[in-house]
């Protein structure tokens, strides 16, 4: 069977072809080189919609929040693409929680697309291909993309490089919110969402977060907003989305928007170069006899790993 050409697949995406979208995402997630020309073709049509990231510890109700946010956006007539990044085994690479079909929607609703992905060991709780999948969803015509990340709590900060607006979700009595946020979540949060706020302790949690937010705005001048929600009542979903829209407007009006975009894209370029070089060096360490002997010397303690790495650096430079 002949594979569709990148331009024809890009055209199919632009018409909202869901089968073409699913095939493209599968190619990206599996690291298939055939996805590269497609991603190059669609790139000029991306970077214009909100990419909303939800992160936070396990058990705070991120999936339920996504459910209600999608319903809220669909009621406004907006189409939504959802990417849920699940933890993956460091041994098999497979999703620990499995492909969770958690989104409640009508089967015939073409305005919602859900994809669950394994993180495949990517640092910061975000799959390496998440950024590309978000771009595919935008190219397919979705108005908003929501990324729900692995619930790794304190280390789950890589969403900063993917999402335009980041929501950190906490719940009352989860623990010492201040200590949790010192690890980095405060720095990446545009919005704090206190979910399950129908439970006791919501006011205390809001007070703690307000004290942190009062310490000053983020580097770009935005001051983190705090929204209380409940997926049981439900409560606060319109207010949560209003906070997202306020942040997106702030970004659009910010004089530093281009500098931030440049920083993010620079980081992406560096990350991709790093990944490619690391993969190529790893393959040669297994297949090149001279490089295998280099590793043997490290194993025999004849040289140390730093010296071996220094000898390998010309591979990446040449």
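None of the figures in this text is laboratory data; all of them are computed from the coordinates on show. Please read all numbers here as calculations on a predicted model, not as lab measurements. Reconstructed Cβ throughout: ideal geometry from the backbone, glycine too, with neighbour counts over all protein chains shown.
Once both labels are modelled 7 Å past Cα along the beta-carbon direction, what's the residue 311-residue 260 spacing in nm?
About 4.7 nm separates the two model spin labels.
Extent of segment 260-317 along each principal axis, from alpha carbon coordinates, in Å, largest to smallest?
Largest to smallest, the principal-axis extents are 47, 21, 16 Å.
Label points 7 Å out from Cα along the Cβ direction at residue 211 and residue 36: separation in nm?
In this crude spin-label approximation the distance works out to 5.3 nm.
What full-extension length gain, to one decimal in nm, is calculated for residue 199 and residue 18 as 0.36 nm per residue of separation minus the Cα-Cα distance?
Details: separation 181, 0.36 × 181 = 65.16 nm, distance 4.00 nm.
Extra length available between residue 199 and residue 18 comes to 61.2 nm.
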